[in-house]
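Working notes, beginning with the structure itself.
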Amino acid sequence: MDEEEVPRLAPMGVKDSKLLTPESRSRLAEKIRDIALKISYDELSPSQIDEVVLKARKLQKLNFLEAKSMARVIAELRPKAAWVDASDVKPERYARQILDELPEGMKRMVLVSEHKADRKYPIVSAASIMAKVRRDAAISALWEEYGNFGSGYVTDPVTMEFLRRWRRTHTDYPPMVRKSWKTLREIESDATQARLTTGHS
């Protein structure tokens, strides 16, 4: 986005996507598209995430995977400066990981890496809105295949019930679910406990 366009974001209502309804996000996404020079996405499949989280060394787990993904987006957009919401507990380490993955000519760019950047910087809020709208669309498409399983978040009781019910009738989880998700271990533990309790009764 051109720097002079950024001040338009906050008055439009752009803020952390988690604070907005799906309808508000969709409405704002159209306005963001109108003023953005270019929008880039990098999607990671559940199997890609599982491969890293389950097999890689500890330091090369999810945060590192996200940094590489972020670098691909930045490399495609080629901005003079970029702001990112740090996934790592150490924002400066996250910034270094991103910069290390960028093409040689971009390694000296201005990169601001901070926690809660999606609340502090409207440009990051705008990116979070675009990503969430894309996620919402993906979830809707999956509902067509699997039925309404809720939001896909661990805090959603509809999602948790879907996973428990699925596991009772299948030997494995559907391919849309990350096998490395610790929530699955909790479900497996609960299922094992239920079987043991039933066996003792």
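Checking each residue in segment 39-90 for being closer than 23 Å to Lys120 by Cβ and of a type in the set (D, E, K, R) picks out Asp42, Glu66, Lys80, Asp85, Asp88, Lys90. Does segment 88-105 include one or more residues that are more than 30 Å from Lys182 (Cβ to Cβ) and crowded, with 17+ Cβ neighbours inside 10 Å? Taking every residue of segment 88-105 in turn, at least one turns out to be more than 30 Å from Lys182 (Cβ to Cβ) and crowded, with 17+ Cβ neighbours inside 10 Å. Among helices (runs of 4 or more DSSP H) entirely within segment 88-150, having at least 2 residues that are touching a residue at least 40 places away in the same chain (Cβ under 8 Å) and touching a strand residue (DSSP E or B) at 6+ places or on another chain (Cβ under 7 Å) singles out 122-146. Of everything listed in (1) out of contact with any helix residue (DSSP H, G or I) (no Cβ under 8 Å at 6 or more places or on another chain); (2) surrounded by 14 or more Cβ atoms within 10 Å (Cβ to Cβ), the single unmet condition for Ile74 is (1). Residues of segment 1-47 that are in contact (Cβ under 8 Å) with a residue 60 or more places away in the chain and among the hydroxyl-bearing types (Ser, Thr, Tyr): Ser17, Ser26, Tyr41, Ser47. Restricting attention to segment 31-47, does a residue exist that is of a type outside the set (Ser, Thr, Tyr), in a helix (DSSP H, G or I) and touching an Asp or Glu at 6+ places or on another chain (Cβ under 8 Å)? There is at least one residue in segment 31-47 that is of a type outside the set (Ser, Thr, Tyr), in a helix (DSSP H, G or I) and touching an Asp or Glu at 6+ places or on another chain (Cβ under 8 Å). Just to be sure before I move on: is Leu54 exposed (fewer than 15 other Cβ atoms within 10 Å of the Cβ) and either not charged (D, E, K, R) or not assigned by TED's automatic domain parsing to the domain that holds Ser113 (or both) in the structure I sent? Yes. What is the residue count in segment 105-138 for residues that are of a type in the set (S, T, N, Q) and closer than 19 Å to Arg27 by Cα? Selection size over segment 105-138: 2.
Could you go through segment 56-77 and let me know if any residue there is in a helix (DSSP H, G or I), under 15 Å from the mean Cα position of the chain (by Cα) and touching a residue at least 60 places away in the same chain (Cβ under 8 Å). No, segment 56-77 contains no residue that is in a helix (DSSP H, G or I), under 15 Å from the mean Cα position of the chain (by Cα) and touching a residue at least 60 places away in the same chain (Cβ under 8 Å).
The values are calculated or read from the model by the stated rules, or taken from the named source; none is laboratory data. Please read these numbers as outputs of a predicted model, since none were measured by experiment. Here the Cβ is made from the backbone with ideal geometry for all residues, glycine too, and neighbour counts use every protein chain on show.
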